[in-house]
1. Restrict the check to the range 154-162 and report whether at least one residue is crowded, with 23+ Cβ neighbours inside 10 Å, under 25 Å from ALA80 (Cβ atoms) and not aromatic (Phe, Trp, Tyr).
2. Quick one: which residue in LEU105, LEU33 is buried (at least 24 other Cβ atoms within 10 Å of the Cβ), within 12 Å of the chain's Cα centre (by Cα), under 20 Å from GLY233 (Cα atoms) and not aromatic (Phe, Trp, Tyr)?
3. Looking at ALA66, ALA35, ALA43, which one is in the same structural domain as GLU201 (by TED's automatic domain parsing) and touching a Ser or Thr at 6+ places or on another chain (Cβ under 9 Å)?
4. What number of residues in the range 49-74 are exposed (fewer than 15 other Cβ atoms within 10 Å of the Cβ), in contact with a Phe, Trp or Tyr (Cβ under 8 Å, 6 or more places away or on another chain) and of a type in the set (A, V, I, L, M)?
5. Looking at (1) modelled with pLDDT of 95 or more; (2) buried (at least 18 other Cβ atoms within 10 Å of the Cβ); (3) among the hydrophobic types (A, V, I, L, M, F, W, C), which one does VAL261 not meet, given that it meets all the others?
6. Can you find even one residue in the range 180-190 that is farther than 20 Å from GLU25 by Cα, within 20 Å of the chain's Cα centre (by Cα), modelled with pLDDT of 95 or more and of a type in the set (A, V, I, L, M)?
7. Which one of these does ALA38 not meet: (1) in contact (Cβ under 8 Å) with a residue 12 or more places away in the chain; (2) small (Gly, Ala, Ser); (3) not in a helix (DSSP H, G or I)?
8. Those residues that are in a helix (DSSP H, G or I) and crowded, with 19+ Cβ neighbours inside 10 Å, I need them from the range 184-209; list them, please.
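The values are calculated or read from the model by the stated rules, or taken from the named source; none is laboratory data. Not measured: the values here are computed from a predicted model. Cβ placement follows ideal geometry from the backbone for every residue including glycine, while neighbour counts extend to all protein chains displayed.
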Amino acid sequence: MIAVVLLAAGQGVRMNSSKQKILHEVGGRPMVLHAFLAAEAVADLPPVLVVGPGEEGVQALIGDRATYVVQPEALGTGHATRMAAGVLRGRADQVIVSYGDMPLLRAETMRRLAEAQRDSGAAVALLSVPGAPDSSFGRVARDELGRVREIVEVAEARRRPEADELLAITELNAGVYCFDGDWLWANIDDLPLRQARRGPEYYLTDLVEMAVGQGRGVAAGMADDPDEGLGAGTRAEMVEVERAFRRRVNARWLDGGVTLVEPDAIWIGPDVTIGRDTGIWPNTFLQGRTTIGEACVIGPNVIIRDAAVGDRCRIEQLLIEGITVPDGTTARPGEWRSPPRRRTGEV
């Protein structure tokens, strides 16, 4: 039995926004919804979302498909995870802990992490990603036999005599874990209180060192795609996450027989479907629940939103919204909405 806990209490002060950071959109969906859908696909129980006091936006978005627990104080990731003990203790063999601001983490990656924990018998399996020496992610430090020894955060690494060696490690901690459920709840109350930059916190990463010290072992699996470890705490980081999301979606459509002319200038939403042998030209935005048929030419300079386009259509420099475009239609400059409005130059 697998349970998933999503840590979703952070307000994202660095976003400088009146909206909670995990409600900001990537690929046309709030970040937390991407994370929740992946968690829901893995969990045998409704995912548990740890939210802040008085937080309503996430609950309004996801509704009763999740279980909600409140973290009354911002005392770190270990404290946030502890809030789920009351609803999960004794109910799940494995507990995956992840974050609401990681929209690129795949369900299949979480499944592999759960398999690694189960098959190894380790107290915890952690997800790692490859990265550069200047990354702000914690380092996965291993012993001479290649076994995980500890997770060393960058600030801590800089204070140690072996700082250069630690900071040169390119295996980075993505912050996603799968715990043996019984072991997690038996040990989480023993986390030490540490002094962080923002005040006292309980770090979830300390459970890794505790597992090693108890001889329970720690498994680590490298993500196939380093983008899966990306999160967004600032608007600049949102740009990078959005670009990574676009790369992933575009790669899927290229593999599916769709031609993308200048993919970096094309935006395709997660709920869009496109038929084979269709070509998409630059400055095209396909949004909402849009379907495009086969052998079409879409763009340049087109927005299609919540519409159905038939086969063999050619659409250039148009906004199309909420309508069905018949097979074989050629549509050029103007604007179509529901109901359609004719303008000069529209065919």
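1. Applying the first criterion (crowded, with 23+ Cβ neighbours inside 10 Å) to the range 154-162 yields none.
No, there is no match, as no residue in the range 154-162 is crowded, with 23+ Cβ neighbours inside 10 Å, under 25 Å from ALA80 (Cβ atoms) and not aromatic (Phe, Trp, Tyr).
2. On the way: LEU33 fails: buried (at least 24 other Cβ atoms within 10 Å of the Cβ).
Only one candidate qualifies: LEU105.
3. Working: ALA66 fails: touching a Ser or Thr at 6+ places or on another chain (Cβ under 9 Å); ALA43 fails: touching a Ser or Thr at 6+ places or on another chain (Cβ under 9 Å).
Of ALA66, ALA35, ALA43, the one residue that is in the same structural domain as GLU201 (by TED's automatic domain parsing) and touching a Ser or Thr at 6+ places or on another chain (Cβ under 9 Å) is ALA35.
4. Selection size over the range 49-74: 0.
5. (2)
6. Residues of the range 180-190 farther than 20 Å from GLU25 by Cα: 180-190.
Right, trim to within 20 Å of the chain's Cα centre (by Cα) and you get none.
Within the range 180-190 (the criterion being farther than 20 Å from GLU25 by Cα, within 20 Å of the chain's Cα centre (by Cα), modelled with pLDDT of 95 or more and of a type in the set (A, V, I, L, M)), the answer is no, since none of the residues qualifies.
7. (3)
8. In the first step, residues of the range 184-209 are kept if they are in a helix (DSSP H, G or I); the result is 184-190, 206-209.
Listed by number, the residues that qualify are LEU184, TRP185, ASN187, ILE188, ASP206, LEU207, VAL208.
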